[in-house]
Structures are given as C-alpha cells and as structure tokens.
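FYI, it's all coordinate maths here, none of it is from the lab. The shown structure was predicted, so the numbers you read here are calculated from the model rather than taken from an experiment. Using ideal geometry, Cβ is built from the backbone for each residue, glycine included, and neighbour counts are taken over all protein chains shown.
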C-alpha cells in the first residue's frame with residue numbers, strides 16, 4: 001500500500017474543503033495539505049447552488065438583523081454564540097471571494113449587488129446570476145491552484161479514518177482509476193464531504209451527496225447532531241427534483257395553486273402584495289412554504305401531474321429580459337427539461353429534499369469531540385441552522401467555517417507529533433482487507449439499486465414534510481431490515497479499474513447509517529419545530545423538553561442511541577416564530593417590551 | 001400501448017483495460033419515458049442490467065460537467081440529451097473523443113487539468129487591495145466582458161470536438177484558452193503578460209484552425225472559439241511588442 005505523509009488531510013473538495021485548504025496554506029505554507037475528493041473538486045455539489053450567499057451589505061441592514069433572521073428561522077435551535085461569529089464574518093469572506101475573482105453580479109456603479117431571499121429581513125444575498133455555487137466553487141478551485149502546499153488526491157474515495165492513541169491520524173482512500181488503496185497520514189483531519197440528501201427519493205442533490213463523511217465520523221464515535229432536521233425546498237422539478245432557486249421568488253415570482261390563487265396568504269404568510277415583501281408570502285422560510293404545499297395538496301387545491309401534485313411558480317410578470325439576466329439557468333432548465341418557457345408559462349413545482357441541517361457534532365471552532373478531527377459545511381453541525389436553514393446561509397457557512405476549520409486544523413497539527421507510521425499502516429491494511437471483502441465475497445443476492453430505492457422510499461414515507469410516530473417507526477424498522485440485508489449485497493464487478501459498482505456499495509452502507517440517524521432522531525423528537533413537523537399529538541414546539549440538540553450515537557449492531565445536548569442561548573430567548581403581517585406585529589411587540 | 005412500456009436500444013462502447021484488448025459495442029434494451037435523459041438510460045443499465053458499466057455523473061442539471069459523452073457521435077452532456085429525440089432508432093453512446101479511455105465511458109482528463117493549472121487561472125491583482133478596503137468596483141459592462149468565459153463547466157465537450165486537439169494533445173485547446181482569456185480581461189487582473197507566455201508558446205493558440213465546432217457543442221454558450229481567436233490577435237500583437245519593451249513592462 002502506498003503511504004503519503006501530510007500534516008493536514010481534508011476529505012471533500014467542495015466549497016468548504018477548498019476554503020479550508022486555502023486557510024491551512026495561508027496560515028502556514030510549510031504545512032503539507034492533502035485534499036482528498038472522490039470527484040474532481042469542480043464537480044462537487046457546491047456547483048449546483050443557485051441563488052446566493054448571505055452577508056450584510058446595505059447600510060439599512062445590520063448584523064443583529066442577520067442574527068435574528070437566522071435564529072428565528074432556525075426556530076431557536078441555533079448555537080447563538082456561533083451564529084454571532086457567523087454573521088460577523090460573512091461579509092469579509094464574500095469580499096475575499098470577490099478579490100479572488102468571483103463574478104458577483106453588480107449594481108450600475110460597480111458595487112456588488114444583493115437580492116432578497118426567504119426569511120431575510122433585508123436584501124443581503126450576494127449572487128452571481130443564478131449560478132452562485134458554480135462560480136464560488138470554480139473561483140475557490142482555481143484560486144487553490146496558487147498554493148503549492150495543497151496536494152490534491154482527485155478521484156480518491158475515502159473509506160475510513162485512522163484513529164490511534166485517541167486521536168485521528170489519517171485516512172485510507174482508494175484511487176478510483178486503479179482501485180489501489182493509500183494511507184494518507186496526517187496530524188489533523190478535516191471532513192468537508194457535504195450533505196446526505198440522496199437518502200431520500202425525490203431530492204435536488206447530485207449523485208455524490210451520500211453522507212460519506214458523516215458516516216465516517218459517526219462510526220468512530222462522533223455523534224451526529226440534529227439529524228431529524230431535513231430541509232424540503234418548496235420549488236423543485238417534479239420527477240427529477242431539480243432545483244428552481246429561491247431567487248425566483250426573491251426576484252418577484254409567485255406561487256399559485258390550481259385556481260391561480262397565491263395560497264401562502266392562507267398560512268400566516270400574508271398579506272399578498274403585488275411586489276415581494278421580505279419575510280412574507282413567497283419570501284417566507286422554506287419549511288413553512290413546503291408545509292403550506294402539503295396542506296394545499298390535502299385540500300385538493302394542487303394540480304395533478306405525472307410525478308405527483310404540483311403548484312405553479314409563476315415568473316411571467318418578470319418578463320423575458322429580466323429572467324434571462326437574473327435567472328438564466330432557471331430559464332434553461334425549464335425550457336430543456338420541462339419544455340416550459342417561463343416568460344410565457346408557469347413552471348410546475350413541488351417540494352423535494354434539499355439540505356441536511358444536522359451533521360457531525362463540532363464546536364464553534366469546527367472541532368469534533370475526537371481530537372484532531374474537524375468538520376465544516378453541510379456535513380457538519382456547527383450550530384447555525386437550527387431546525388430550519390435560511391436560504392443563502394449555507395454558501396456563506398462554507399466560507400466562514402471552511403476557513404475556521406483550516407486555521408484550527410493547522411494549529412492542532414503543529415501542536416502534536418506525527419504518529420507511528422508502522423502502526424498506522426497496519427490499521428490501514430486491515431481497512432483494505434475489510435473494504436476489499438465487499439467485492440470478493442461470494443453468494444450475495446441483494447442488488448445495490450434495489451436496497452437504495454427501498455431506503456429512499458422509506459425515508460420519504462416516514463420522514464417527509466409531516467411525520468407520524470407509526471410511519472416513522474416503520475421507517476426505522478425498514479432501515480434496520482435494509483442494514484441487515486446489506487450484509488448480503490452482491491457486487492457483480494470484481495475488477496479494480498473504475499469499479500463504480502463497488503463504490504456505490506460502500507456509499508450505500510454510509511447512507512444506511514446516516515438514514516438511521518435521521519429516522520431514529522425524528523422518532524425521538526416528540527414535538528414540532530422547524531422542518532420537523534408532527535401530526536400525532538406533538539404539533540406544538542415544546543421548549544421545556546425539546547429545546548435541545550439531538551445526538552445520534554453509532555451502535556455497531558443495532559439502532560443508534562439518541563440523547564440530547566443543551567442549546568446555547570445568549571441574547572435571543574425562544575419567541576414566537578411568525579412571518580408576514582403577524583411577524584411584523586411580533587417584532588413590534590418585542591421592540592416595545594425592550595424599551 | 002402505454003408510454004411506460006416504450007423501449008429503446010442503447011448501444012454502449014465498452015472497454016475494460018483488465019480484460020479487453022480493444023473497445024467493443026454492447027447493446028441494451030432500456031424501457032423509457034419521454035422525460036428520460038440519456039444519462040438516466042445509462043443509469044438504468046447500471047442499476048438493472050449490468051452493474052459493471054462505468055461512467056461519471058453527478059448533478060443531473062448540466063452544471064457539474066461530469067457526464068460528457070459522445071451521443072450518436074456528437075459531444076453531449078448526457079444529462080440534458082433526451083432519449084425521446086432518438087426513438088425509435090437505436091442511440092449510440094461512447095466515451096468522449098480524443099481522450100484516452102480509462103474504462104467504458106470514463107476518459108482520462110488529467111491532461112486538461114494540467115493545462116488548467118498551467119494558465120494561472122486566478123486573479124493576479126492589478127492593484128492589490130485589503131479586505132478592509134472592500135470590494136473592487138466592477139461595472140456591469142466590465143463584468144459582461146468576461147462573464148461568458150467564466151461560465152465554462154470544464155465538461156470538455158469542446159476538446160472532443162476539436163480536430164486540432166485530436167491531432168496534438170499538447171495543444172492548449174478551447175476551454176483552457178477561454179479561461180485564460182477570462183482572467184486576462186477581468187478588470188481586477190494584471191496577470192496578462194505572464195499568461196501570454198504560454199499562449200505564445202509552441203502549444204498555444206496558433207494551432208487552432210478556426211473550425212468553430214468547439215463553440216457549437218458548448219452547452220454553456222462560452223464560445224471558446226471566440227476566446228481562441230481574440231488571443232491569436234493578442235498573441236500576434238504581443239509577439240511584435242515584446243521586441244519593443246522589456247518583459248513584464250507596464251502596459
């Protein structure tokens with residue numbers, strides 16, 4: 001087995017991983033960085049983010065507003081000290097990206113422009129047309145090429161962490177092109193592998209979004225926090241789940257039901273006005289909008305399509321010129337995939353799984369409880385999203401906490417001595433034998449695709465927009481069954497070069513662990529908060545019993561053990577979460593009571 | 001007959017270096033619906049007919065650049081090419097032309113990555129600025145000048161379309177030139193002189209014979225042919241000007 005010695009190894013080459021790599025390189029050019037990614041970095045799922053990235057910009061805006069929007073949007077399940085740090089650092093990170101060449105859209109006088117986004121009181125979403133993630137990712141990837149200390153392991157698939165003497169000391173990875181294993185030794189490890197949305201059937205995510213890093217940390221005893229909070233994005237393509245950005249509504253788009261009625265006004269988000277008002281109607285938060293869709297469907301006011309019920313995203317009144325300028329990718333997606341010209345017809349949409357609010361438990365410095373291990377981005381739970389993420393906070397999170405993770409992992413690496421190479425190699429060889437076993441064993445009968453489809457279906461059935469104890473229980477049982485059946489999986493392909501069937505099997509194993517952490521955490525949370533909504537007697541938020549982070553702990557031969565940790569409240573006590581006119585009233589009352 | 005029962009033949013070029021001496025075609029019959037992409041057809045094969053078929057894909061929405069293939073001989077993103085446009089005829093899917101095949105539909109793109117790294121694809125600041133000074137001002141017109149060239153998703157369809165790249169894999173080629181041009185004409189950048197060294201070199205833009213097929217197949221309207229040709233003019237001017245001023249001299 002090949003062995004490579006690094007100081008810091010980063011698993012994942014998307015926005016967070018690249019930002020972390022640059023941060024390590026800038027904090028100490030002498031540190032050797034290994035950036036391990038199962039795809040070439042510019043293929044990472046950051047590329048698909050569309051609408052924009054939040055950072056206070058206008059003189060009418062303030063850090064306090066961004067804080068309040070984020071904490072209220074997260075239904076008070078946020079780490080408030082971490083949110084404070086976050087909002088205070090978004091703008092400088094976005095400016096840093098500007099200096100690195102990101103083609104942000106501009107105002108006529110040349111300043112960076114900002115747009116409105118759901119749940120945000122003031123326009124503060126920086127955007128590059130509707131390809132913000134694409135441009136941020138390519139800017140970061142291309143900028144990373146400047147730093148000679150970053151050695152990339154492109155198309156290397158990480159199969160395990162190496163933990164020795166109570167701290168993480170490296171990773172084992174497969175070079176996909178050859179099937180060869182490598183040990184990459186390091187004094188600290190950053191996981192930046194993104195979310196896990198593909199454990200659900202209908203989702204906006206790319207094929208790579210399989211929760212790998214979450215499962216890796218989890219199996220080594222690091223809890224996965226708040227995994228029951230999975231975001232349904234309200235405006236996705238029926239069938240494929242592909243995303244129509246929230247910026248469609250930020251630019252003034254309407255959501256209407258089969259009668260052409262802007263139904264959100266019936267769900268505490270009104271009044272309906274002809275132009276978008278922030279934090280109202282179509283600019284409400286994603287959880288509320290997806291929930292409103294569900295009720296419209298129950299009432300029979302949606303439109304029946306081939307891929308289930310839909311409502312209409314109506315952009316016609318914005319006109320072709322504005323759509324081509326501000327939403328060019330959306331225009332193309334609608335035309336090419338649906339045959340719909342959005343300047344002349346409404347776009348059929350329905351909610352789909354989009355984002356994993358929870359993830360690897362880390363503190364405000366991105367450190368996991370396992371010494372030497374750090375995490376950043378969607379795979380992590382640093383505590384800013386709570387029970388519901390606001391659109392455009394996650395791209396900023398990649399930057400702010402990617403940098404923190406890099407700086408902290410660099411500091412840790414310098415504080416400890418390199419490990420014992422012989423011991424680490426021995427561990428790595430044991431990992432190799434175990435992983436090879438998946439394709440060399442005989443007699444398997446279960447098809448990977450069948451198990452994967454059953455997993456995705458049961459997650460949708462039990463952990464969808466609204467949840468019930470008995471269906472969640474069925475999902476937990478089904479996942480237990482699938483985990484069991486996975487032992488009998490059949491990998492037909494026994495070869496070494498580009499054996500993607502083998503990799504799919506490893507990913508499925510990761511997904512099953514992550515899915516179980518979600519389903520069991522959901523079943524255990526007997527309240528409704530943010531994206532976790534129940535209809536079985538637990539319809540209300542319960543701050544007495546559940547103003548707490550769930551923590552799923554891996555158990556080798558059984559379902560996860562769930563316990564709870566405290567939520568850090570510094571200055572915003574849990575309050576009424578309201579939008580539209582009701583939200584304005586709550587805000588006025590709060591202001592009055594503070595006087 | 002219901003739509004769900006429609007079937008299309010997909011002919012896939014297979015090659016496995018551990019067992020095959022050369023690529024060969026294999027035909028699969030795949031049930032399809034009108035909304036299905038060629039990528040979804042290939043995924044069906046992998047899921048239900050032959051798990052050993054290898055190909056790259058991820059986003060499914062023509063932005064990650066992974067799933068480029070030759071579809072009936074035309075460089076295409078398989079996620080936004082639809083089976084309905086070929087039915088009832090058979091559709092042929094092969095690895096991208098002009099690249100070494102690693103296995104089945106997977107090609108070796110290491111050569112392109114090397115080119116991308118060589119062109120200094122990052123801002124070399126004309127006037128360095130601290131974060132405290134805030135953003136550079138860049139008008140919408142200045143943005144518009146380079147925006148299309150920044151839209152390249154590195155899918156490499158243009159290389160599969162480029163006859164010169166087919167003849168000489170060292171030729172810098174369309175996408176890398178578009179990216180070089182993107183930074184050269186960015187109002188924040190001052191690195192053009194450094195980058196033009198590469199363009200003026202043996203493997204630079206003069207290999208292009210202005211076929212223009214690269215721009216035709218580009219799924220993102222980057223128009224790399226335009227970038228190549230603007231750089232021929234630049235390179236020519238640069239070639240003569242370099243006798244007149246010291247290397248790296250102020251513009």
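General observations
- Taking Cα atoms only, the orientation of helix A:132-144 departs from the longest principal axis of chain A by about 30 degrees.
- Tilt relative to chain A, helix A:421-440 - C-alpha long axis, 0 to 90 degrees, to 10: 70 degrees
- Cα shape, the protein assembly as shown, gyration tensor, a/c 1.5 rule: rounded
- CD proxy at 222 nm, helix term only [per DSSP H run n ≥ 4: -39500 (n - 2.57); per residue of chain A; nearest 500]: -11500 deg cm²/dmol
- Simple spin-label estimate for residue A:447 and residue A:581 in nanometres, 7 Å along Cα-Cβ: 5.6 nm
- Cα-based shape type of the range A:379-507, given that a ≥ b ≥ c are square roots of the gyration tensor eigenvalues and the cut on a/c is 1.5: oblate
- For the range A:234-353, the gyration tensor built on C-alpha atoms gives an oblate shape. Its axis ratio a/c (a ≥ b ≥ c) is at least 1.5, and a/b is not larger than b/c.
- The residues A:40, B:15, when put in order of fewest to most other Cβ atoms within 10 Å, stand as B:15, A:40.
- Look at the alpha carbon pairs under 8 Å that are at least 6 residues apart: their mean separation over the length of chain B gives a relative contact order of 17 percent.
- Estimated FRET transfer efficiency (residue B:168, residue B:108; beta-carbon r; R0 22 Å; 0.05): 0.85
- Extension gain for residue A:414 to residue A:220 (0.36 nm times residue separation, less C-alpha to C-alpha distance): 67.5 nm.
- Burial ordering of A:248, A:236, fewest other beta-carbon atoms within 10 Å first: A:236, A:248
- For chain A, the longest principal axis of the alpha carbon atoms and the long axis of helix A:448-462 meet at an angle near 40°.
- Order of A:585, A:403, A:591 under a 10 Å beta carbon neighbour criterion, fewest first: A:591, A:585, A:403
- Average Cα contact separation per residue, chain A, under 8 Å, 6 or more apart, as relative contact order %: 22 percent
- In this rough spin-label picture, where each label sits 7 Å from Cα along the Cβ direction, the residue A:544-residue A:568 distance is 2.8 nm.
- Only helical runs count toward this figure. For chain B, summing -39,500 (n - 2.57) over DSSP H runs of n ≥ 4 and dividing by all residues gives -8500 deg cm²/dmol at 222 nm.
- Secondary structure note: in the protein assembly as shown, about 70% of the DSSP beta bridges are antiparallel.
- Pairwise centroid distance, computed over Cα atoms, of the range A:120-168 with the range A:293-359, Å: 29 Å
- Each Cα pair under 8 Å and six or more residues apart adds its separation to the average, and for the range B:110-241 the resulting relative contact order is 31 percent.
- Cβ-derived FRET efficiency at R0 41 Å, residue A:147 paired with residue B:87, nearest 0.05: 0.25
- Pairwise label distance in nanometres, residue A:1 with residue A:557, each label 7 Å out on the Cα-Cβ vector: 2.5 nm
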